[in-house]
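Structure first, then comments.
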Amino acid sequence: MEPVNATIIYYSATGTVHALAQAAAEGAEKAGARVRLRKVAELAPPEAISANPAWGQHLQDTADIAGASLDDLAWADAVLFGTPTRFGNLASQLKAFIDTTGGLWREGKLADKVYTAFTASSTAHGGQEATLLALGNVFYHWGGIIVPPGYTDPVQFQTGNPYGTSHVAGDGPPDDVVLQAARYQARRAVDTAAALKAGRVA
Ligand SMILES: Cc1cc2nc3c(=O)[nH]c(=O)nc-3n(C[C@H](O)[C@H](O)[C@H](O)COP(=O)(O)O)c2cc1C
């Protein structure tokens, strides 16, 4: 059987969600998927970016990562979305990309794929679940198959977020446990997509 195609589409201003996205890419590759790691376009004005040195630095550091396209969605059997929590919601940069998918949606090309999401916030109660559930609204509209990590692996009892991998950026960069959770979430998405693919072939 053809391997699963997995696309990871993320936005990150200062690198936290990028680190989770990279871990997810590792997990998906290790699970046997062909992987595309894609960032969405930065839309913030230069004056906002230059007000935060970490933001400008991250933009430079990730200049070589390809931008997300509609083909990256159409190609995928499993799609993982990553976004910082912004006022308890997804970042507008990611939403702007999602809002270009009307054509694919109309053609039914976003349905029946596996979807899952991860996030970061500054504080522990800053709205991580709200952000992941907000992305879930999009997946419902697309007719997606939502595959959350739940408590299906021991690492989930350490990170404690069944909705999707999440990190409290205010505590510092993602540690080994949260990176492991991101790898696990990707593996679970790829394994589920592989089972669906095999079932459809049969
Ligand atoms: C406009 C804005 C809104 C934010 N809203 C929240 C929020 O609601 N809750 C929270 O805990 N952190 C909030 N944050 C902090 C971000 O979630 C945090 O900086 C981000 O997760 C770091 O991810 P990144 O390094 O990938 O950009 C906000 C940050 C910005 C700039």
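Any read-out appearing in this document is the output of simple, stated calculations on the displayed coordinates, not a laboratory observation. Predicted model only: the values in this text are computed from it and were never measured. Ideal geometry is used to build each Cβ from the backbone, glycine not excepted, and the neighbour counts take in all protein chains shown.
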Exercise for the section: Treating the Cα atoms of region 43-202 as identical point scatterers in vacuum, please give the log10 of the normalised Debye intensity I(q)/I(0) at q = 0.10, 0.12, 0.13 Å⁻¹, two decimals. Expected result: -0.40, -0.58, -0.68
Practice task
List the lysines whose Cα lies under 18 Å from the Cα of Lys95, skipping any in the same chain that are fewer than 8 positions away.
Solution key: Lys39
Exercise for the section: Evaluate the Debye formula for region 37-96 with equal point scatterers sitting on the alpha carbons, no solvent, and hand back log10 of I(q)/I(0) at q = 0.18 Å⁻¹, in q order, two decimals. Expected result: -0.76
Fill in the blank from the handout: Restricting to Cα pairs under 8 Å and 6 or more apart, the percent relative contact order of the chain works out to 27 percent
Completion exercise
In this structure, the FRET efficiency calculated for Ala96 and His141 from their beta-carbon separation, with R0 = 25 Å, to the nearest 0.05, is 0.95
Completion exercise
Inverse of <1/r> over all distinct C-alpha pairs of region 127-191, i.e. the Kirkwood Rh in Å, gives 12.4 Å
Handout entry: Nearby aspartates and glutamates by direct alpha-carbon distance to Lys113 (threshold 17 angstrom, same-chain neighbours under 8 apart not counted)
Key = Glu2, Asp71, Asp72, Asp77, Asp191
Handout entry: Which of His167, Asn5, Leu104, positive extreme of dipole for the chain (C-beta unit charges)
Key = Leu104
Completion exercise
For region 5-201, the dipole about the Cα centre with charges only on Cβ (Lys and Arg +1, Asp and Glu -1), to the nearest 20 debye, works out at 540 debye
Practice task
Please sort through the DSSP H helices of the chain and keep those with an alpha-carbon extent of at least 15 Å along the long axis and a Kyte-Doolittle average not below -1.0.
Solution key: 16-30, 128-142, 176-201
Exercise for the section: May I ask for log10 I(q)/I(0) of region 2-105 at q = 0.10, 0.14 Å⁻¹, from a Debye sum over the Cα atoms as equal point scatterers with solvent left out? Expected result: -0.28, -0.54
Exercise for the section: First select every other residue whose beta carbon is under 14 angstrom from the beta carbon of Gly82; then total the charges, Lys and Arg +1, Asp and Glu -1. Expected result: +4
